[in-house]
Structure formats: structure tokens, C-alpha cells
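This report refers to the structure that appears directly beneath it.
The values are calculated or read from the model by the stated rules, or taken from the named source; none is laboratory data. This structure is a prediction, so every number in the text was calculated from the model and none was measured. FYI the Cβ positions are ideal-geometry reconstructions off the backbone, even for glycines, and counts take in every protein chain you see.
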Amino acid sequence: MKPLSPISLEEYRPARLTELIAMWRASFEFGVGVIDPHPFYVQRQYFLEHVLPQHTVRVALRGANLVGFVAASKESISQLYVRVGHQRQGIGCALLAWAKAQSQGSLWLFTFARNVGARSFYEKNGFVASANGFEPAWQLEDIKYQWVATAQNATLTLPSSGPAPG
């Protein structure tokens with residue numbers, strides 16, 4: 001088996017918008033196990049009007065291929081998705097390490113309760129479930145997770161360019 005090429009994390013660029021939305025949508029549907037009923041343009045507008053203005057967005061690239069993205073503020077992670085078929089290759093860990101490194105020492109996020117893969121990923125990476133809820137737009141149970149830096153996990157390295165850790 002040929003070794004995988006390294007990934008790099010880069011700032012989001014508008015030229016990647018259509019590719020990012022398509023990857024996000026497919027990864028969401030795969031992880032949550034539902035078909036997104038919203039038209040593509042609605043998700044595009046949501047990203048442009050709500051996600052992008054309130055979060056810093058980093059994309060994970062393997063060569064020229066978009067393989068994941070994270071949208072995070074210093075307090076929370078709004079979105080973190082890895083392209084279907086590219087999970088368990090360190091991409092999510094690199095994106096999460098970036099979010100942790102740019103945080104103020106703690107982060108919170110929500111994930112759907114039925115997304116067992118995401119729940120396991122966050123728990124393995126130091127997040128603890130802190131509340132159960134219900135997301136009315138999707139009519140699905142969700143879980144709020146929190147992460148707080150400790151002396152053990154506070155020495156995170158921030159990938160700037162080139163190969164990302166993970």
C-alpha cells in the first residue's frame with residue numbers, strides 16, 4: 001500500500017466554497033445518517049452568512065485535494081468535517097489541534113447523539129459530554145461537549161503550513 005501524502009492546513013479561500021459545501025454535506029449525511037433536505041444554495045448561504053463571519057475557517061489539504069475543514073472561534077467549534085473515505089488518517093486530529101491551539105484554553109461544541117463516530121472522536125481527544133439537548137431544526141438529540149486545557153494537553157503545536165500533525 002502506498003503511503004499517504006502529508007496534509008497541510010490553510011486559510012479558507014472563497015475559490016474552495018463549492019467544494020467545501022459539497023464535502024461538508026456528504027460528510028454530515030454519512031456521519032449523522034440522514035439526507036440533508038436543504039437545497040445546496042441554502043447551506044452555501046448559511047456558511048457565508050453565519051459560519052464564516054463568526055469563525056475562523058481552516059481547510060485540510062492533501063496535495064490539492066480538500067479533505068476536511070474546521071470552523072472555530074476562540075470559544076467553540078462550529079463545524080469539523082473530514083471527507084468521507086479519509087477518516088482515521090489524522091486529518092480530524094490536525095484540525096482539532098489547530099482549534100485547540102487557537103483557543104483560550106477551552107472549547108465547546110455540539111454533535112448529534114446519533115453520530116457515534118464524532119462522539120468517539122471527541123471523547124478520545126479530551127472532550128467531555130456536559131449536556132444533552134434537542135436540536136429543533138433537525139429534530140435530533142444532540143450532546144454538548146467541552147474541552148479544557150490541562151498541564152498534560154496544553155503543549156499543543158499549531159501547524160502553520162506544510163504537513164500537519166496527526
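Each row is one residue, and each column tells you yes or no for (1) at pLDDT 95 or above; (2) more than 17 Å from A118 (Cα to Cα); (3) polar (S, T, N, Q); (4) surrounded by fewer than 18 Cβ atoms within 10 Å (Cβ to Cβ).
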{"position": "Y12", "(1), (2), (3), (4)": "yes, yes, no, no"}
{"position": "E19", "(1), (2), (3), (4)": "yes, yes, no, yes"}
{"position": "M23", "(1), (2), (3), (4)": "yes, no, no, no"}
{"position": "V32", "(1), (2), (3), (4)": "no, no, no, no"}
{"position": "P37", "(1), (2), (3), (4)": "no, yes, no, yes"}
{"position": "Y41", "(1), (2), (3), (4)": "yes, yes, no, yes"}
Query raised in the report: What single numbered condition from (1) more than 20 Å from Y145 (Cβ to Cβ); (2) surrounded by 14 or more Cβ atoms within 10 Å (Cβ to Cβ) fails to hold for L107?
Result: (1)
Query raised in the report: Is at least one residue of region 128-138 at pLDDT 95 or above, under 19 Å from V32 (Cβ atoms), part of a strand (DSSP E or B) and of a type in the set (F, W, Y)?
Result: no
Query raised in the report: Within the set of pairs 6 or more residues apart or between chains, which connect a residue that is within 15 Å of Y81 (Cα to Cα) inside region 23-42 to a residue that is small (G, A, S) with Cβ atoms less than 7 Å apart?
Result: G31/G117; G31/A118
**Report entry** Filter result (within 24 Å of V148 (Cβ to Cβ) and in contact (Cβ under 8 Å) with a residue 60 or more places away in the chain) within region 76-90
**Finding:** G90
Report summary line: Filter region 56-90 for residues that are part of a strand (DSSP E or B) and of a type in the set (D, E, K, R); the one that is nearest to W138 (Cα to Cα) is R58
Query - Considering residues of region 82-95 that are at pLDDT 95 or above and surrounded by fewer than 18 Cβ atoms within 10 Å (Cβ to Cβ) only, the residue farthest from A22 (Cα to Cα) - result: C93
Report summary line: Here the residues within region 111-127 that are surrounded by 15 or more Cβ atoms within 10 Å (Cβ to Cβ) and either assigned to a strand (DSSP E or B) or of a type in the set (A, V, I, L, M, F, W, C) (or both) are T111, F112, A113, A118, F121, F127
Query raised in the report: Are any residues in region 3-60 in contact with a strand residue (DSSP E or B) (Cβ under 8 Å, 6 or more places away or on another chain) and hydroxyl-bearing (S, T, Y), and if so, which ones?
Result: S5, S8, Y12, S27, T56
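Each row is one residue, and each column tells you yes or no for (1) surrounded by fewer than 18 Cβ atoms within 10 Å (Cβ to Cβ); (2) aliphatic (A, V, I, L, M); (3) touching a residue at least 12 places away in the same chain (Cβ under 8 Å).
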site	(1), (2), (3)
A97	no, yes, yes
A129	yes, yes, yes
W138	yes, no, yes
Q146	yes, no, yes
Query raised in the report: Are any of the residues in region 120-127 touching a residue at least 24 places away in the same chain (Cβ under 8 Å) and over 14 Å from the mean Cα position of the chain (by Cα)?
Result: yes
Query raised in the report: Is it the case that region 44-55 has a residue that's among the hydrophobic types (A, V, I, L, M, F, W, C), assigned to a strand (DSSP E or B) and over 22 Å from L140 (Cα atoms)?
Result: no
Query raised in the report: Going through region 45-63 one residue at a time, which ones are touching a residue at least 40 places away in the same chain (Cβ under 8 Å) and not aliphatic (A, V, I, L, M)?
Result: T56, R58, R62, G63
